[in-house]
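*Asks:* Mind having a look at this structure? Questions to follow.
The values are calculated or read from the model by the stated rules, or taken from the named source; none is laboratory data. Keep in mind it's a predicted model, so treat the numbers as computed, not measured. With ideal geometry, Cβ positions are generated from the backbone for all residues, glycine too; neighbour counts draw on all protein chains shown.
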Amino acid sequence: MTSITIDIAEKRFPAVGAAPAREIFRDFRLEVAAHEFLVLLGASGLGKTTLLNIVAGLDTRFRGSVRFGMPAPRIGYAFQSPRLLPWRTVLENVVLPLPSGPASQEAGRAMLEEVGLADLADAYPERLSLGQQRRVALARAFVIEPDVLLMDEPFVSLDEANATRLRELLRALLHRRAATVLFVTHDGNEAVALASRIVVLEGTPAQVARDVEVRLGLLERASPAKVEAFRHTAGLALAGRERTGTA
Ligand SMILES: Nc1ncnc2c1ncn2[C@@H]1O[C@H](COP(=O)(O)OP(=O)(O)OP(=O)(O)O)[C@@H](O)[C@H]1O
C-alpha cells in the first residue's frame with residue numbers, strides 16, 4: 001500500500017483530423033491515502049481512463065507529476081475490457097506480468113485457485129464467459145501483489161448477480177493483500193458498495209465536484225435501500241447515472 005499524490009498542471013490531447021484538441025485536466029490535484037479504496041465517478045469522456053493511465057505511467061504526455069509514498073510501487077491494472085491474449089492459456093495470461101519460471105507458474109496457479117478458475121488454467125480465453133475473463137483479469141492484476149490497484153470499470157457488462165459475486169471476490173482478495181485502489185465506475189451503487197471514498201469528476205477540464213467519505217458496514221452496503229439513502233444524503237443521488245439510456 002502506498003499514498004498517491006496526483007498533480008496535473010495540464011493534460012491535453014492534440015487535434016486529430018476533424019476532432020479538435022481537448023484539454024482534459026488543468027491544475028488538477030488529488031491525494032489518495034495509502035489505505036483508501038477510492039472510486040472515481042463521472043460522465044463519459046471526462047478523463048477517468050486518462051487519469052488511470054497517467055497514474056500507471058502508461059501516459060507520460062502531460063505536465064505535472066504523480067508521486068507515490070514508496071519507491072517503485074508495484075501497480076496492478078485491470079482494464080475496461082479484460083484484454084486477454086487469445087493465443088495464450090488462462091495460466092499464461094495470468095503470469096504475463098511475472099518473470100518466467102516455476103515460482104511464477106506456482107503463483108499463477110494459486111491465484112487462479114483464489115479466483116475460482118483452477119480448472120481452467122490450461123484453457124484458452126475464447127472458451128471463457130465474460131465473467132470468467134474478468135476473473136482472469138483480476139488474477140493477473142493481483143498476481144504481482146500490487147501496492148496500487150487501478151481498475152477501469154472492471155465489472156461492466158456483467159449481470160447484477162455476477163457483478164455482485166465479483167465485487168465480493170475483489171473484497172476478499174484485498175482482505176488478504178491490501179492495496180491502495182483507484183476504481184472507475186459509472187455505477188453509483190457499485191461505488192457505494194465498494195468505496196471508502198468517492199470522488200465525482202465534472203466539467204472540461206475535469207475538476208473534483210464532490211469528495212465523499214463512505215463509512216458504511218458490509219451489511220449496509222449490501223442493502224439497496226441503505227445504499228440509496230446514503231447516495232441521497234451524500235448528494236450522490238444522480239452521480240453515475242449519466243449513462244442511463246446511452247450504454
Ligand atoms: N489518445 C487519444 N487521443 C485523442 N483523444 C483522446 C485519446 N484518448 C482519449 N481521448 C479523449 O479524451 C477524453 C477523455 O477520455 P477518457 O477515456 O479518459 O474518458 P473517460 O472518462 O474514461 O470516459 P469513459 O467513461 O467513456 O470511459 C475523451 O474525449 C476521449 O475521446
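*Asks:* Among the numbered conditions (1) more than 16 Å from the ligand (Cβ to nearest atom); (2) polar (S, T, N, Q); (3) more than 20 Å from Pro86 (Cα to Cα), tell me where Gln132 comes up short.
*Replies:* Status for Gln132: all satisfied but (3).
*Asks:* With more than 16 Å from the ligand (Cβ to nearest atom), assigned by TED's automatic domain parsing to the domain that holds Thr185 and buried (at least 17 other Cβ atoms within 10 Å of the Cβ) as the only criterion, which of Met111, Met1 stands out?
*Replies:* Only one candidate passes the filter, namely Met1.
*Asks:* Contact list please: Cβ distance under 8 Å, first residue in region 15-34 and more than 14 Å from Thr5 (Cβ to Cβ), second residue of a type in the set (S, T, N, Q), pairs at least six apart or on different chains.
*Replies:* Correct list of pairs: Arg22/Thr204; Glu23/Thr204; Ile24/Thr50; Ile24/Thr204; Phe25/Thr50.
*Asks:* On the given criteria, is Val90 surrounded by 22 or more Cβ atoms within 10 Å (Cβ to Cβ) and touching a residue at least 12 places away in the same chain (Cβ under 8 Å)?
*Replies:* Yes.
*Asks:* Determine which member of the set Ala161, Ala209 is within 16 Å of the ligand (Cβ to nearest atom) and either among the hydrophobic types (A, V, I, L, M, F, W, C) or surrounded by 23 or more Cβ atoms within 10 Å (Cβ to Cβ) (or both).
*Replies:* Step by step, each of Ala161, Ala209 is checked, and only Ala209 is within 16 Å of the ligand (Cβ to nearest atom) and either among the hydrophobic types (A, V, I, L, M, F, W, C) or surrounded by 23 or more Cβ atoms within 10 Å (Cβ to Cβ) (or both).
*Asks:* Quick test for you: out of Glu31, Glu23, Glu10, pick the one residue that is touching a strand residue (DSSP E or B) at 6+ places or on another chain (Cβ under 8 Å) and either under 21 Å from Ala178 (Cα atoms) or more than 15 Å from the ligand (Cβ to nearest atom) (or both).
*Replies:* After applying the criteria, what remains is Glu31.
*Asks:* Going by the conditions given, is Ala193 surrounded by 15 or more Cβ atoms within 10 Å (Cβ to Cβ) and under 25 Å from Asp7 (Cβ atoms)?
*Replies:* no
*Asks:* Got a number for residues in region 56-83 being under 30 Å from Ser129 (Cα atoms) and within 15 Å of the ligand (Cβ to nearest atom)?
*Replies:* Counting residues in region 56-83 that are under 30 Å from Ser129 (Cα atoms) and within 15 Å of the ligand (Cβ to nearest atom) gives 8.
*Asks:* Still on this structure: Can you tell me which residue among Ala43, Ala19, Ala15 is modelled with pLDDT under 95 and within 21 Å of the chain's Cα centre (by Cα)?
*Replies:* Ala43
*Asks:* Take the residues in region 34-55 that are under 30 Å from Ala121 (Cα atoms) and within 16 Å of the ligand (Cβ to nearest atom), then tell me which one is surrounded by the most Cβ atoms within 10 Å (Cβ to Cβ).
*Replies:* Only one residue tops the list, namely Leu52.
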